[in-house]
Amino acid sequence: MTDIDYARYDRIRPIHWTGDTLELLDQRRLPFATEYVTCGDSDAVAAAIQALAVRGAPAIGIAAAWGVVLAARDIEADDAAQAAGRIEPALQRLNAARPTAVNLAWALARMRAAMLRAQAGKGGDWRNALEAEARAIETEDLAANRAMGVLGASLIEEGSGVLTHCNTGSLATAGFGTALGVIRAGVAQGRIDRVFAGETRPWNQGARLTVWELQQDGIDATLIADAAASHLMKGGGVQWVVVGADRICANGDVANKIGTYQLAIAARHHGVRFMVVAPSSTVDMETPSGELIEIEERDPGELLGVGGSRTVAEGVQAWNPVFDITPAALIDAIVTEKGIVERPDTASMQSLFRG
Ligand SMILES: CSC[C@H]1O[C@H](OP(=O)(O)O)[C@H](O)[C@@H]1O
C-alpha cells in the first residue's frame, strides 16, 4: 500500500502557541477569511472555545491545555501545591466552556497531573512542566491521528465511496484529522474513490470547513444536503459512513455532531457500514452509556439564519441541540490509535481500554 506523505496535510494548523499567546485560527470566518483570535489569558481561550472560534473535540482539549499554561502566568505561587490551588478556578472556567466533548476535561486532568508530578519533584519547575504537558498533548494527538488514518483505511475496500459528517480534519485536531484522516489515508492508498460531505446544519462545519480542507489537499469531495444522505445510501453511492466523536462511552455509545444518529439508522437500513474514528482521549470509560452524556444546546439563533442573513420569520421558536447519541449497536467499528473495536459493546471496549 502507498505510504502517506503526511507533510502535504500539514498546511492547516488551527492552534499556534507563540510562547506568549495562543493564536487560534478563527473557524467562524472560514472558508472566506483567514483570521486569528489572539488569546493572552485562559479566559480568552475559554471564550474562544465557547464561541466555536476553535472547535472539534481534540482541538478544544489542546486549546484548553495551552489555556492552563496562560493561567499559570497570571498567578504567583511559591510551589506547585500552592499553584494548583490558585490556578484551579481558571481550569473550572475552561472546563465550563462546552459540556459534551470529554477531551476538554481529559486535557485539564492531564494538566493537573503534570502539576502534581512537579509538586513531587518529578516534573521540574511547575510552569515548565505545564508547557511540556500541553506540547505533549498536541504532539500525541497528531501521532494518534496519523495512526488512526491508516488503521481505519485498512477496513475500507478499494473502490469505495465514503460519506462523512461535520468537520473532523486538521481544523478539529492537532493535524491530519480523525475521520478525515481515514479519508485522507484511504484516498492516498487508492481505497476511496468517492468522498461525500454533509453540510452539517446549522453551523455548517461540512459545507464551510470539510470540503474546504479537502480542496486544499486536492481531494475532490461532493457536498450534499444533510437531508440527501439516505437517498445517497439507497442509490449505493457510499459503502461507509465515517465520522468523528466527542465522547465514546464504556459501552460504545457515541456522542457526536447532531445528525450522526440518523446517519447511523439510515446506514444500517441500507447495509452501509458505520465507522467512528477518535483518539483514546475521546473515550470516557467513566460514563457507562450515552444517555448519561450532557448534550450541548446552543443559541437557537444559530438556526434562524445563514452567514448573518436571517432566513426565518421573526418570532419563530427554534431548538438547537448540537450533539446526539449513536447507540453502539448501530456502529460497525470504533477506530482509535490503540486499535479497532468491531461491533462495540462493554466487553469489547473494556478489552481495549481497561486491560
Ligand atoms: C475530531 S472533531 C470531533 C467532533 O467535534 C465536532 O463538534 P463541534 O464542531 O461542535 O466542535 C463534531 O462533533 C466532530 O465530529
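The values are calculated or read from the model by the stated rules, or taken from the named source; none is laboratory data. Every value quoted in this text rests on a predicted model; they were computed, and no experiment measured them. Here the Cβ is made from the backbone with ideal geometry for all residues, glycine too, and neighbour counts use every protein chain on show. Just so you know, the surface numbers come from the protein's heavy atoms only, side chains and all, with ligands and any DNA or RNA stripped out. Shrake-Rupley method; radii C 1.70, N 1.55, O 1.52, S 1.80 Å.
Taking the condition of being within 16 Å of the ligand (Cβ to nearest atom) and within 13 Å of I137 (Cα to Cα), how many residues in region 68-97 meet it?
Filtering region 68-97 down to residues within 16 Å of the ligand (Cβ to nearest atom) leaves 94-97.
Applying the additional criterion that residues be within 13 Å of I137 (Cα to Cα) yields none.
Residues meeting the conditions: 0.
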When the residues of region 98-114 are filtered to those that are open to solvent by less than 10 Å² (accessible area, probe 1.4 Å) and farther than 12 Å from A57 by Cα, which remaining residue is farthest from the ligand (Cβ to nearest atom)? A114
Take the conditions in a strand (DSSP E or B) and outside the structural domain of A51 (by the TED database) and apply them to I295. Does it pass? no
Restricting attention to region 13-40, which residues are surrounded by 15 or more Cβ atoms within 10 Å (Cβ to Cβ), polar (S, T, N, Q) and closer than 13 Å to V69 by Cα? T21
In region 116-167, what count of residues is obtained for those that are in a loop (DSSP other than H, G, I, E, B) and either within 16 Å of the ligand (Cβ to nearest atom) or assigned by the TED database to the domain that holds A84 (or both)? 9
Since D43 meets every condition but one in (1) assigned to a loop (DSSP other than H, G, I, E, B); (2) away from the ligand (no atom under 16 Å from the Cβ); (3) open to solvent by 50 Å² or more (accessible area, probe 1.4 Å), which condition does it not meet? (1)
Looking at this structure, is T2 modelled with pLDDT under 95, polar (S, T, N, Q) and open to solvent by 30 Å² or more (accessible area, probe 1.4 Å)? yes
Has region 151-158 got at least one residue that is loosely packed, with under 15 Cβ neighbours inside 10 Å and not aliphatic (A, V, I, L, M)? yes
Of A97, A134, A90, the only residue that is touching a residue at least 24 places away in the same chain (Cβ under 8 Å), in contact with a strand residue (DSSP E or B) (Cβ under 8 Å, 6 or more places away or on another chain), under 30 Å from V322 (Cβ atoms) and not basic (K, R) is A134
